[in-house]
1. Look at residue 5 and say whether it is touching a helix residue (DSSP H, G or I) at 6+ places or on another chain (Cβ under 9 Å) and either among the aliphatic types (A, V, I, L, M) or surrounded by 12 or more Cβ atoms within 10 Å (Cβ to Cβ) (or both).
2. For residue 10, state whether it is in a loop (DSSP other than H, G, I, E, B) and surrounded by 10 or more Cβ atoms within 10 Å (Cβ to Cβ).
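Every number here is computed from the coordinates shown, using simple stated rules; none is lab data. In this text the structure is predicted, and so the values were computed from the model without any measurement. Every residue, glycine among them, receives a Cβ derived from its backbone with ideal geometry; neighbour counts consider all protein chains shown.
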Amino acid sequence: MSEKILIVDDEESMADLLEIFLKNDGYTVYKFYNGQDVLK
């Protein structure tokens, strides 16, 4: 089972890049572009 990471960043390109790197390292990534979506 992989570790889980939550990314919240309003700069979509940065969040997408982080997601790629982390997934390649075996992490499960949950990505959101704003805080309101995280709270839903």
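1. Values: touching a helix residue (DSSP H, G or I) at 6+ places or on another chain (Cβ under 9 Å): yes; either among the aliphatic types (A, V, I, L, M) or surrounded by 12 or more Cβ atoms within 10 Å (Cβ to Cβ) (or both): yes.
Yes, satisfied.
2. Numbers: in a loop (DSSP other than H, G, I, E, B): yes; surrounded by 10 or more Cβ atoms within 10 Å (Cβ to Cβ): yes.
Yes.
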